[in-house]
Amino acid sequence: DPRLAAALAVVHWPGGSEPHQALVAARASVVLAYGREESVDTLAACAPQRLLRFGPRLSVALVCREATDAHTAAGAARQIALFDQQGCLSPQYVLVEEADPSTTDAFVAALVESLRRLAVDLPRATLSLDEATQAWRYLERQRWREQEGDAVRVLADTNARFSVVCDRSGVLPASPLNRHVVVLPIPDLERARGLLQRAAGTIEALGIAAPSTRLAEAAALATACGAHRMCPLERMQAPPFSWRQSGHARVAS
C-alpha cells in the first residue's frame, strides 16, 4: 500500500543522542520506548506528549509435579533456545514443584540433554565479546557458590553454549541470557509465590506445565506476581495479537 509506505520511516541514531531524542519527543504524539529503565527514563525526561514504557521484563516457566517429565523438559528447552532468551517472553527461570529430589534431578538432566540437542539443531547466535564474557563470569560465580557449599548445582556445556543452574538456596541468580537458565525446585506453589514476589513488576509471562485441575492455583500465582500473560509452557513465545505487552492495550494505547 503506497499510502502506508509513505507513512513509515525506519531511522537510526546513536543511543543516548539527546538532540535526536528531543526531536522525537517534541514531534511525536506517542512514543513507545523499549530498553533498560535508565534508557526509558532518559526519554521520559524529554517530556513527550505520551510515553508508553516497555522496560526490562522476564518470563518464568512453572512445572507442577504432575508434569515433571522429559516431554516437559524438551518443551522448556525449546522455549529457552528460541530467540536465545532475548525476548521478554523468554523463560529465564524454571520453577519445578518437587515430588522428590530424584525426579527433579531427572528433569534437570532431561533439560540439559534437550538443550544439548538444540545447540546443534537450532544453533545459538554468535555472541559479542561482552556477551560471552558475561556468560563465563556468571558460570564461574555459580561454580564458586557450588564449591563453597551453597545448595547449587551447575550443569554447563564445555563451550558455554548453554547451562542449567539448579538452585535450592532460595536466591534468584540473574541469568546472563543466551540459553543460561536457572531451575528453582520448590515444595509447593505457595513457595513459588514467595520467590516471584521478589521479581514482581518485571514478570511478563508465566508459562504453565500442569494438569487442568491445577490451573486455578497457577492463575492465582500469575495474578499475584503481576504477569501480563499466562499460557501453556510450549506457547510462551507465540503470543496472540491481543497480548497486552507490559500491560498496554495493543491498539487502544
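What the table below lists for this structure:
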{"quantity": "Positions within the range 107-130 being in a helix (DSSP H, G or I) and either in contact with a helix residue (DSSP H, G or I) (Cβ under 6 Å, 6 or more places away or on another chain) or open to solvent by less than 60 Å² (accessible area, probe 1.4 Å) (or both), in sequence order", "calculated": "Phe107, Val108, Ala109, Ala110, Leu111, Val112, Ser114, Leu115, Leu118, Ala119"}
{"quantity": "Pair list, Cβ under 6 Å, 6 or more apart: the range 20-46 residue in contact (Cβ under 8 Å) with a residue 60 or more places away in the chain, other residue of a type in the set (Lys, Arg) and open to solvent by 50 Å² or more (accessible area, probe 1.4 Å)", "calculated": "Val30/Arg50"}
{"quantity": "Any pair with Cβ under 7 angstrom, 6 or more apart, that starts in the range 219-244 at a residue that is within 20 Å of Leu195 (Cα to Cα) and ends at one that is part of a loop (DSSP other than H, G, I, E, B) and open to solvent by 70 Å² or more (accessible area, probe 1.4 Å)", "calculated": "His228/Arg244"}
{"quantity": "Condition met for Gln79 (open to solvent by less than 40 Å² (accessible area, probe 1.4 Å) and either part of a helix (DSSP H, G or I) or of a type in the set (D, E, K, R) (or both))", "calculated": "yes"}
{"quantity": "Unmet requirement for Thr68, which otherwise passes all of (1) open to solvent by less than 10 Å² (accessible area, probe 1.4 Å); (2) closer than 25 Å to Gly170 by Cβ", "calculated": "(1)"}
{"quantity": "Residues located in the range 82-98, provided they are in a strand (DSSP E or B) and touching a Phe, Trp or Tyr at 6+ places or on another chain (Cβ under 8 Å)", "calculated": "Val96"}
{"quantity": "Matching residues, the range 140-163, being over 20 Å from Ala110 (Cα atoms) and in contact with a strand residue (DSSP E or B) (Cβ under 6 Å, 6 or more places away or on another chain)", "calculated": "Gln142, Arg143, Arg145, Glu146"}
{"quantity": "In the range 28-49, the residues that are open to solvent by 60 Å² or more (accessible area, probe 1.4 Å) and touching a Pro at 6+ places or on another chain (Cβ under 9 Å)", "calculated": "Ser29, Arg36, Glu37"}
{"quantity": "Filter result for the condition that a residue is within 11 Å of Val60 (Cα to Cα), surrounded by fewer than 20 Cβ atoms within 10 Å (Cβ to Cβ) and out of contact with any Lys or Arg (no Cβ under 8 Å at 6 or more places or on another chain), over Ala199, Ala227, Ala216, Ala238", "calculated": "Ala199"}
{"quantity": "Search result, residues across the range 206-223 that are over 17 Å from Tyr93 (Cα atoms) and assigned to a helix (DSSP H, G or I)", "calculated": "Ser212, Thr213, Arg214, Leu215, Ala216, Glu217, Ala219, Ala220, Thr223"}
{"quantity": "Residues of the range 3-16 satisfying the condition of being modelled with pLDDT of 90 or more and open to solvent by less than 70 Å² (accessible area, probe 1.4 Å)", "calculated": "Ala5"}
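To keep it simple, each residue is scored yes or no on (1) in contact with a Phe, Trp or Tyr (Cβ under 8 Å, 6 or more places away or on another chain); (2) closer than 19 Å to Arg57 by Cβ; (3) aromatic (Phe, Trp, Tyr); (4) crowded, with 17+ Cβ neighbours inside 10 Å.
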| site | (1), (2), (3), (4) |
| --- | --- |
| Gly149 | no, no, no, no |
| Ala160 | yes, no, no, yes |
| Val182 | yes, yes, no, yes |
| Pro185 | no, no, no, yes |
| Ala209 | no, no, no, yes |
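The values are calculated or read from the model by the stated rules, or taken from the named source; none is laboratory data. These numbers come from a predicted model, not from an experiment. Neighbour counts run over all protein chains shown; Cβ positions are idealised from the backbone, glycine included. Surface accessibility is based on the protein's heavy atoms, side chains included, excluding ligands, DNA and RNA. Shrake-Rupley method; radii C 1.70, N 1.55, O 1.52, S 1.80 Å.
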